[in-house]
1. What are the residues in the range C:448-507 that are of a type in the set (Gly, Ala, Ser), open to solvent by 30 Å² or more (accessible area, probe 1.4 Å) and over 29 Å from the mean Cα position of the chain (by Cα), if any?
2. Can you tell me how many residues in the range C:40-89 are among the acidic types (Asp, Glu) and open to solvent by less than 10 Å² (accessible area, probe 1.4 Å)?
3. Can you pull out the residues in the range A:41-75 that are among the aliphatic types (A, V, I, L, M) and in contact (Cβ under 8 Å) with a residue 40 or more places away in the chain?
4. Can you tell me which of (1) open to solvent by less than 40 Å² (accessible area, probe 1.4 Å); (2) charged (D, E, K, R); (3) within 12 Å of chain B (Cβ to nearest Cβ) is the one C:GLU372 doesn't meet?
5. Output the qualifying pairs, or none if there are none: Cβ atoms under 9 angstrom, residues six or more apart or on different chains, first residue in the range B:148-160 and facing chain A (nearest Cβ under 7 Å), second residue acidic (Asp, Glu).
6. Residue check, B:GLU83 against (1) open to solvent by 30 Å² or more (accessible area, probe 1.4 Å); (2) in a helix (DSSP H, G or I), all met but one. Which one?
7. Being in contact (Cβ under 8 Å) with a residue 12 or more places away in the chain and either within 21 Å of B:PRO16 (Cα to Cα) or among the acidic types (Asp, Glu) (or both) is the filter here; which residues of the range B:277-288 pass it?
8. Please pick out the residue among B:GLY112, B:GLY84, B:GLY135 that is within 30 Å of B:LEU286 (Cα to Cα) and either within 11 Å of another protein chain (Cβ to nearest Cβ) or at pLDDT below 90 (or both).
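The values are calculated or read from the model by the stated rules, or taken from the named source; none is laboratory data. The structure presented is a predicted model; accordingly, all values stated were derived computationally and were not measured. Note: ideal-geometry Cβ built from the backbone for every residue, glycine included; neighbour counts use all protein chains shown. Areas reflect the complete protein model, heavy atoms only, side chains present, ligands, DNA and RNA absent. Shrake-Rupley method; radii C 1.70, N 1.55, O 1.52, S 1.80 Å.
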Amino acid sequence: MTSGAPRTRRGFDLRFPKTVLVAVVVILCIPAAIAVNVLAFDGRAYYVTALAIITLSMLPFAVAFEGRKPQARELVVIAVLVAITVAGRAAFFMVPQFKPVVALVIISGAALGPMSGFVVGSLSGFVSNFIFGQGPWTPWQMFAFGMIGFIAGLVFSRMAAAIGSGDAPVHARGGNASEKADTDSVFAQPDGTAVWGWDVKGRLRTERIRIALLCVFGFVITFVLYGILLDTAAATIFSSSISFDTLLLMYISGAPFNLVHAISTVVFLLLLARTMIEKLERVKKKYGFMQGVS
Amino acid sequence: MTASAADRSIFAGYHPIINYVFFGYAVLVPILFMHPVLLAISFASAFSWFVYLNRGRGLKFGLGLVVPLMVIAALFNPAFNHEGATILFYMNDNPITLESVIYGICAAVMIGGVILWFACYNAVMTSDKFIYLFGRMVPAMSLVISMALRFIPRYRAQAGRIASARRGIGFDVSSGKFLRRVRSGGEILSVMVTWALENAIETSDSMRSRGYGLSGRTAYSVYRFDSRDRAMLVAMLALMAAVATALAAEVVSVMFFPLFTVSGTSPFGMAAFACHAAVCVIPLALDVREDVVWRMSLK
Amino acid sequence: MTIFEINNLGFAYPERAVPALDGVSVEIRSGEFLVICGKSGCGKSTLLRHLKTVLTPFGERSGDIVFDGRPLASVEQREQAARIGFVLQSPDNQIVTDKVWHELAFGLESLGEKTPVIRRRVAEMASFFGIQEWYGKSVSELSGGQKQILALASVMAMQPDVLILDEPTSQLDPIAAEDFIETLKKINDEIGTTIILSEHRLEGALPRADRAVAMASGRVICQGSSSEVGRALRAAADPMLSAMPTPMRVYLALESEGENGSESEREGAPEGGGNKDAHVPETVREGRVYLTEKLQDGAGGGQNGSGGREASDHPDAGEGSGRSVAGQDTDGERPARAKGEESITLKEVWFRYERSGNDIVKDLSLTLRAGELACVVGGNGSGKTTMLGVITGENRHYRGKVRVLGLDPKKAKGTRLSDAGLVALPQNPQTLFTRNTVLSNLIDVAAAHAENPSDHESVEREVRRVAELTDTVGLLGFHPYDISGGEQQRAGLAMALLARPKLLLLDEPTKGMDSFFKEKFSVMLRQLCADGLGVLMVSHDVEFCAKHADRCMLFFNGGVVSEGAPRAFFSGNSFYTTAANRMSRGLIAEAITAEDVIEYVRDRARGAL
């Protein structure tokens, strides 16, 4: 079972003229929002202006996603991932301070591509606040998670396909029809490799490198994108004026939290990335989910 | 619980458009115009509605989450923003100004009010209302939200079931060293992911079997915009327009730096405050009136 | 009028040598209630899925399907969506949205109906199915039975001509299942919708059906009225007979004696089953009428009835009576093995989930000995599963004494209980599968419980032994989700056994199993008990418990209210008992299985000769 399946396009699709139109409007609207802030509010309506900007920049994604009329199977997989991202905390009830949200969004983006990654991320942010309570932070979280999923999709979708398809040990992938019939051969590996899941060393090394890359990415993006963005959001609502000093202060005071968050993301990626990507690839293959989806 | 608050509140019984217009106004006006009187009115109405909605449980939440945030906001500004003409004293060679202190207090009241409005929102607004509003604009995304909300309670219950199933065949799930616990959480999540994905196939079959994907899908909702809603919308918009006019004409205005100056004491300004108060108190007034009428009718 | 015409349909899944369907021809008339039966994996799901294009699996196909005079493939998707309704097996999986009202409207939204139309249809459906009270609720607040009714109503809202249901009751408890089938009958009678139902629980479905189709290995083996199908199965001595309702099994066994070669009484018909045109009794009521006549036909009619009734009022008195099947062999085929030491001792145990909540387990006393298979039966929500939690220590009792394998579960930390040999198999084996193959799942458990996990050889030997015992050797290479539900049960059981149990707790193990696998499963359990394992099983499945348990207990309102050996236990109950017992109550003392009834009547006939 090699990765002979037709590769689906995973890029952010701009075929839809509507998307382009919206993107252009958004690009025009952002300066307009800033202008309104400066002219009408003496440049002090930081929070609302920033809110307007991030809301506007999420619009093209929404239009592109709606525009391609996603089919039932794709919607269900996205909804499942959103729900798992939110309910995932329940699985870690014994370590309540660790939350797997960012790690799961990264994995979703890597496995399903940038567009679905964005949708999973932003809707996870929204839905989790539906349950834990909406607040002024909701749009920021939506944007941060959405972008993380999007970027993870851009950077890692090719790699995820490799992890999920060709390189895993035979028995761990479920094998194919001929292997299933002959169970004795599964037992009868001379060195027990197939049974015990140790794999040929070379393969293992490339896979380790892949996971390591994913972890580095996870650390950086959690710390930088999520941490900095939400600290900035806090600054815009707390402070009467945004200066370099206030921002720096915000970032420094937020650093310990962001560091814990980034580390927990790495831990979760180490723990979950390989198995989850494998599972997603299996479902995609078995049921033709996300086929022809860009 | 939230569901009962949503059932109990008369305001929640109005059309979702009314709800959203109200909350949009209630949250945005304080953030955009930090006029002390507007803020005070807003905070007071949010606080009283919140306590009314949640009965006894409200105060604990208020003290637990809102107060610390307000304290941070009140201290943040004077400590790190040294604008303003009136220097009160110096701390570590940094001037602490009166204007900054006032801004900090206003920011605290604003943040407290906004969080309380959101708390009311969370108590009163259900997913149905959100879906109603966005089901037409972003149908696929709102369907994903609806499905995710359906899955989440299932998945949580399943996580518990998986944990006890694993315990049942001798895997320890909740004790041991930190990393071991994280690892067993990973195992539980892994079982859950497979289960969720494999079972989702039947969900998508069920959708397709009921025609999902055909062109021309409509969005049904249980809400009807009736005459009561129309009257309420007109009244609300009229009051909001009055406040907006006053703000635009700077009859009501505030400036914190370099010197703290407020306006709004003119009769027109007072009228604007009255209008703002009238809007903010709508939900509480409706709920209280209903309670009173109901009690009267029982006698 | 014919609504569906299936002509010589053949189908094979990709990469499978054996076809899933082979030469299937069925004609379905408009307005009829058709039941398709057969053991799991016989192709009935595959057949049903061919009746709606969007659900048709990929693979190689031959033959054709005509819907309402046109080839199904040429019927537009929109028309198919509206006119062919499909209800799937799992109530939880097929509900899409989070609110009841939204779910009801879902299909009509897809069809592009306007709000006023949807409002009317949804209202109609809600009142027809009695859903008004939970119309505004979240789906997560509903019970399993309510969810399946919701799934049905949301399909019916589209006003289909045909309603296809693929084992819709397999996940429900018996009472909810009976309600569901009754609702189907109501739809069929009052709206005239054609119903095509596949089922393994035939006690409720068959009496209500107009016609039945029996399938085996992808072929139709017979079709016709249920009486005709029953006779045909009997004539072919088909194992599917064991899935038929008890009254049918009794009738067919007794009325085809001649054919069987045993001593014939009355006119044993050659074609397997009495008078060829006679109606075969399907319900308990019909079965009683038949049995009463049958016994009267023989010697000493009237006395039997009263004598039997007397015997059943005093279960112990049955022993002396010649009419009692329980005479010489009161559970004689199962010699009391329960001589081992006590594995579970519960004494006056109380438990509640929350301090201010209600007691779920109340004043519960129960014992289980090594080597014993004990079954706890009782209605939904009586606290049976909570009790299992008390035994495993997950639910901490606040009063009373609990000893499990000599330990107090409240005090046993970490894995001490399971190290002592307590193993619990969950209701849904899917909650156990961490790995991608059955084999690696088994190895995980085996390694965790091996004395020396790095001794691969001994672990492998253990896995192989248990795989052979549970008949899972052929499944080892598969992904656990690529095998059927019954196979998953077996794999779960194998995992449980690899945890080296001395005491095994089973929660509804027969839910979703077909009657064929149940037999296999019971043999497995017997063997385990013979090796000294204690088994405590919680179940709704009275037929299974009656047949295979050493001891049965009735759970009600948080405690065990009565217990005894199955024969005494079930003949002491008058409502919560097996169909065979209800059918023979007052006629034959202490008969609790179809085999008991058959044997008694035969013995009696022999005596009369």
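1. Selection gives C:ALA448, C:SER454, C:SER458.
2. Residues that pass the stated criteria total 0.
3. Looking only at the range A:41-75, we keep the residues that are among the aliphatic types (A, V, I, L, M), and these are A:45, A:48, A:50-54, A:56, A:58-59, A:62-64, A:72, A:75.
Selection gives A:ALA50, A:LEU51, A:ILE54, A:MET58, A:VAL63, A:ALA64.
4. (3)
5. Pairs found: B:ALA148/C:ASP98; B:LEU149/C:ASP98; B:PHE151/C:ASP98; B:ILE152/C:ASP98.
6. (2)
7. Of the range B:277-288, the ones in contact (Cβ under 8 Å) with a residue 12 or more places away in the chain are B:277-284, B:286-288.
Once the filter is applied, which keeps residues that are in contact (Cβ under 8 Å) with a residue 12 or more places away in the chain and either within 21 Å of B:PRO16 (Cα to Cα) or among the acidic types (Asp, Glu) (or both), the range B:277-288 yields B:ALA278, B:VAL279, B:CYS280, B:VAL281, B:ILE282, B:PRO283, B:LEU284, B:LEU286, B:ASP287, B:VAL288.
8. On the way: B:GLY112 fails: either within 11 Å of another protein chain (Cβ to nearest Cβ) or at pLDDT below 90 (or both); B:GLY84 fails: within 30 Å of B:LEU286 (Cα to Cα).
None of the other options fit; the residue is B:GLY135.
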